[in-house]
1. Quote the FRET efficiency, to the nearest 0.05, computed for Asp110 versus Arg31 with a Förster distance R0 of 25 Å and r equal to the Cβ-Cβ distance.
2. Compute the length gained on full extension between Leu120 and Ala141: take 0.36 nm times their separation in residues and subtract their Cα-Cα distance, giving the result in nm to one decimal.
3. Ignoring everything except DSSP H segments at least 4 long, calculate the 222 nm mean residue ellipticity for the chain; use -39,500 (n - 2.57) per segment, divide by total residues, nearest 500.
4. If you build a Gaussian network model of the chain, linking Cα atoms that sit under 10 Å apart, which residue out of Ala59, Ala94, Ala130 swings the most?
5. Quick query: amide H of Ala61 versus all other amide H atoms, modeled in the peptide plane; which residues come in under 5 Å with a sequence gap of 5 or more or a different chain?
6. Would you grab the residues whose amide H sits under 5 Å from the one on Gln38? Only those 5+ places off in sequence or on another chain, please, with H modelled 1.01 Å from N.
7. Over the chain, how many percent of alpha carbon pairs lie in each 5 Å bin up to the one with the longest distance?
8. If a paramagnetic tag sat 7 Å from the Cα of Ala45 along the Cα-Cβ line, which residues of the stretch 112-132 would have the backbone N under 14 Å from that point?
Amino acid sequence: MKITLAAVLSTRSLLEAGGRWFDDYVSRIARYTPCESQAFESEKALLEWIERQQGRTRAYAILFDSRGRQYSSEEFAAQVGRLRDEGTQRVVFAIGPADGWSPAAKQRADLLLSLGLMTLPHQLARVVVAEQVYRAFTILAGHPYHSGH
């Protein structure tokens, strides 16, 4: 399963924010499964990219949205584990534009997921998503990273 951490960002400076922590989690995730980061200037560009990534199977798109489902870290890990065990080839975790996802993007999503009721800046949300994906893989592997929660 290949993981893509994607974000719609209005400027390049946003991409650099939180970079060291974000990059660290991307490299940690890569110990468990291939992982990459992608940034897009528009929602349209992101959705077109997702459609081009489809190989033999459709890319599974998880879009972060304030009105999405809320999972505990354990529930999130279970969802990631199900996708892995079902043979999902590509999972895209995407943080949307500042004004939210369009109805078309929400319709394309396989899962709308919320990071919580509070609004986070894109820079911080990227780090939180990367950390939670890493945490999910450590939970699935029985690694002690999560044991001190």
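1. 0.50
2. Result for the pair: 4.7 nm of gain on full extension.
3. That calculation yields -13500 deg cm²/dmol at 222 nm.
4. Ala59
5. Val92, Asp110, Leu111
6. Residues meeting the amide H criterion: Leu5, Ala6, Ala7.
7. Calculated over all Cα pairs of the chain, the distribution is 2, 9, 20, 24, 23, 15, 5, 1, 0 percent.
8. Output list for this probe position: empty.
Computed from the coordinates by the stated procedures, all read-outs in this text should not be read as laboratory data. This is a predicted model, so every value here is computed, not measured. Using ideal geometry, Cβ is built from the backbone for each residue, glycine included, and neighbour counts are taken over all protein chains shown.
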